[in-house]
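Asker: Got a structure here, written out as structure tokens. Questions coming.
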Amino acid sequence: MGEPAVTGIEFLASFLRTGRLHGIGIGSTLAEVDRAFRHRFVDVVDEAGKSLRRDYGFVEFYFNPGDEWVMSGCSVELHRLASGPDMAEGWARTMGVEFPRYVAWEAVREELARVPGAPELTVADQGGFLEYRAAAAHVSVIVVDDEEEERGYHAGHGDVWSVSLWAPVQAVSSGSG
């Protein structure tokens with residue numbers, strides 16, 4: 001088999017710039033996700049049928065109901081790769097993206113800096129983690145900020161824990177007029 005189409009670092013930098021994974025973003029339907037992601041998954045629907053979580057191992061999508069399920073967010077749980085390298089191998093095989101066991105935030109930032117149109121990032125302390133938000137793309141990156149965390153069966157200091165996409169908050173109309 002040839003080289004994967006893209007590295008995990010390039011994939012994450014693109015996600016931070018665009019808010020899209022393999023062309024999928026907020027508002028995508030379940031059918032569109034099915035076409036874009038050809039990987040094993042587990043669906044979890046809440047008891048009231050008001051939400052669906054599709055778990056691909058280290059990537060999860062969240063959906064809201066309607067005429068059909070519509071994506072409301074997603075999360076790339078990179079910390080799971082530290083204890084499950086077979087997840088990365090499977091993802092490379094089915095999706096063409098090769099992730100390392102640990103993803104250093106500095107490597108993602110360096111990749112972001114290479115490309116025009118890199119998003120502006122704001123940072124917030126999350127108690128042992130730092131959250132870097134690319135508000136324009138609605139993407140946030142959680143990075144391990146505990147100096148004593150060493151790489152092993154989980155991500156270490158300076159490594160990306162997860163990358164998440166969230167739906168923008170809609171302004172509510174007062175309806176007066």
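Laboratory data are not the source of any read-out in this text; all were calculated from the coordinates shown. This structure is a prediction, so every number in the text was calculated from the model and none was measured. Backbone-built Cβ (ideal geometry, glycine too); neighbour counts: all protein chains shown.
Asker: Of the listed values (i) 17.2; (ii) 17.7; (iii) 16.3, identify the label whose number matches Kirkwood radius over Cα pairs in Å calculated from this model.
Answerer: Step by step, Kirkwood radius over Cα pairs in Å for this structure corresponds to label (i).
Asker: Next question, about the same structure. Please turn the phi angles of the stretch 49-59 into ³J(HN,Hα) values with the Karplus equation 6.51 cos²θ - 1.76 cosθ + 1.60 (θ = phi - 60°), one per residue in order, whole Hz, x for glycine and proline.
Answerer: Listing the rounded values in order: x, 9, 8, 10, 10, 9, 10, 9, x, 10, 10 Hz.
Asker: Quick one: compute the contact order of the chain, relative version, from alpha carbon pairs under 8 angstrom and 6+ residues apart, as a percent.
Answerer: 22 percent
Asker: Amide H to amide H, which residues 5 or more places from Val103 or on other chains are under 5 Å from it, using H placed in the peptide plane?
Answerer: Result for Val103 returns Val160.
Asker: Can you list the residues, at least 5 places off or on another chain, whose amide H is less than 5 Å from the amide H of Val59, using H built in the peptide plane?
Answerer: For Val59, the qualifying residues are Glu77.
Asker: Can you run phi through the Karplus equation (6.51, -1.76, 1.60; θ = phi - 60°) for the stretch 131-142 and list ³J(HN,Hα) in whole Hz, with x for Gly and Pro?
Answerer: Going residue by residue, I get 10, 9, 10, 9, 4, 4, 9, 6, 10, 10, 10, 9 Hz, with x marking Gly and Pro.
Asker: Oh, and also: With θ taken as phi - 60° and the coefficients 6.51, -1.76 and 1.60, list the Karplus ³J(HN,Hα) couplings across the stretch 21-29 in order, rounded to whole Hz; mark glycine and proline as x.
Answerer: 10, 6, x, 9, x, 3, x, 5, 8
Asker: Just to confirm a number: summing +1 for Lys and Arg and -1 for Asp and Glu over residues other than Val123 whose beta-carbon lies under 13 angstrom from that of Val123, what do you get?
Answerer: Result for the neighbourhood of Val123: -2.
Asker: What do you get for Rg/Rh over the stretch 9-109 if you use C-alpha atoms and the Kirkwood form of Rh?
Answerer: Over the Cα atoms of the stretch 9-109, Rg/Rh equals 0.97.
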